[in-house]
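Student: The following block contains the structure, expressed as structure tokens.
The values are calculated or read from the model by the stated rules, or taken from the named source; none is laboratory data. Please read all numbers here as calculations on a predicted model, not as lab measurements. Reconstructed Cβ throughout: ideal geometry from the backbone, glycine too, with neighbour counts over all protein chains shown. Note: accessible area is taken over every heavy atom of the protein model, side chains too, but ligands, DNA and RNA are not part of it. Shrake-Rupley method; radii C 1.70, N 1.55, O 1.52, S 1.80 Å.
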Amino acid sequence: MPGHGSQGGAPFGILHLSDLHFRPEDSVDAVLGPLREDLRQRAEAEIALVVVSGDFTDRGEPAGFDVAGQFLRRLQAEIAIPWDRFIVCPGNHDVQEVDGLFDLRAKAGRGEEIVERFADDVCRVRVLSKYPGRFTRYRSLCADLLALHLDDHLSTAHLFADLGVQVLALNTAHRID
């Protein structure tokens, strides 16, 4: 497979993958084999960037992220695109369960917002300080593979001056309940 880069303004390819939905029992080869064949048949330009826009996992399970990591490592080795040419963004299925995300209170406190009011003196509040914990495994995957250290919104901007393109990966899943 071709390497990365563009010469003299020649067209370049972007490989965009989404909705991988890896589960602990999934086989990397079962996804990589058909992808490899599609790339052979369809890629008309040299691939310069890889975009993976969630869902990496089916239910945010740690073992699903392990399979996703194996897949990305194998993909990167096969297509020989450097890690700094990978752009990632999580999806709603990459959200992990976190204890204490909601609480019943008489009123919302600092760092909380009302999700639902049951009566004049009882409401369900969202504890916003817990939200970053919902993407712990995703953050770990990004740090391990891409050396990305993400903020709470998980959004990134990537400038590829040699290609004349900037890519913004804006996450909208960080506040999904």
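Student: Return the single residue from E25, E78, E61 with maximal mean-square fluctuation; model: Gaussian network over the chain, springs between Cα atoms under 10 Å.
Tutor: Taking springs between Cα atoms under 10 Å, the residue moving most is E25.
Student: Right, another one. List the residues whose amide H sits under 5 Å from the amide H of V88, counting only those 5 or more places along or on another chain, with H placed 1.01 Å from N in the peptide plane.
Tutor: Answer set, sorted by chain and number: V52.
Student: Name the residues of region 21-38 whose amide N is less than 20 Å from a point 7 angstrom out from the Cα of A63 along the C-beta direction?
Tutor: 21-32, by backbone N distance to the label point.
Student: Out of L104, L15, L39, any idea which swings most in a Gaussian network model of the chain, alpha carbons joined below 10 Å?
Tutor: L104
Student: Follow-up question, since we're still on this one. Please work out the average accessible area per residue across the chain, using the 1.4 Å probe convention, and give it in Å².
Tutor: Working: 9790 Å² over 177 residues.
Averaged over the residues of the chain, the accessible area is 55 Å².
Student: Of all accessible surface on region 31-177 at a 1.4 Å probe, what whole percent is carbon and sulfur? All intermediate terms of the calculation are to be shown ahead of the outcome.
Tutor: Details: 3820 of 7870 Å².
Of all accessible area on region 31-177, carbon and sulfur atoms account for 49 percent.
Student: Further question on the same structure: What's the extension gain from E25 to V115 if we count 0.36 nm per residue and subtract their Cα-Cα distance? Please list the in-between numbers first.
Tutor: Values: separation 90, 0.36 × 90 = 32.40 nm, distance 3.54 nm.
Residue separation times 0.36 nm, minus the Cα-Cα distance, leaves 28.9 nm.
Student: Just L159, L75, L145 to compare: in a GNM of the chain, with alpha carbon springs under 10 Å, which one fluctuates most?
Tutor: The residue that fluctuates most here is L159.
Student: How about region 88-125: which trypsin sites (Lys or Arg not before Pro) there are in a DSSP loop, with at most 14 other Cβ atoms within 10 Å of their Cβ?
Tutor: Values: sites: R105, K107, R110, R117, R124; in loops: K107, R110.
Taking region 88-125 and a limit of 14 other Cβ atoms within 10 Å, the loop trypsin sites (Lys or Arg not before Pro) found are K107, R110.
Student: Follow-up question, since we're still on this one. Can you give the convex hull volume per residue for the Cα atoms of region 31-96, as a whole number of Å³? Could you put the intermediate results ahead of the total?
Tutor: Details: hull volume 5.9 nm³, N = 66.
Residue-normalised Cα hull volume stands at 90 Å³.
Student: How far, in nm, would the chain grow between D144 and A106 when pulled straight, counting 0.36 nm per residue and subtracting the alpha carbon separation? Numbers along the way, then the final one.
Tutor: Numbers: separation 38, 0.36 × 38 = 13.68 nm, distance 4.20 nm.
Computed gain between D144 and A106 is 9.5 nm.
Student: Let me know the charge dipole size of region 37-154 about its Cα centre in debye, to the nearest 20, where only the beta-carbon of Lys, Arg (+1) and Asp, Glu (-1) is charged.
Tutor: Values: 16 positive and 22 negative charges, 48 e Å.
Once rounded to the nearest 20, the dipole reads 240 debye.
Student: For the chain, report the convex hull volume of the alpha-carbon atoms normalised per residue, in Å³, without decimals.
Tutor: Values: hull volume 21.6 nm³, N = 177.
Residue-normalised Cα hull volume stands at 122 Å³.
Student: Quick check: residue separation of V165 and V122 times 0.36 nm, minus the Cα distance between them. What number comes out in nm? Provide the component values of the computation, followed by the final result.
Tutor: Numbers: separation 43, 0.36 × 43 = 15.48 nm, distance 5.05 nm.
Difference between extended and current length: 10.4 nm.
Student: While we're looking at this one, here's another question. Among DSSP beta bridges lying fully in the chain, give the percent that are antiparallel, nearest 5.
Tutor: Details: 15 of 26 bridges.
Within the chain, antiparallel bridges account for around 60 percent of the total.
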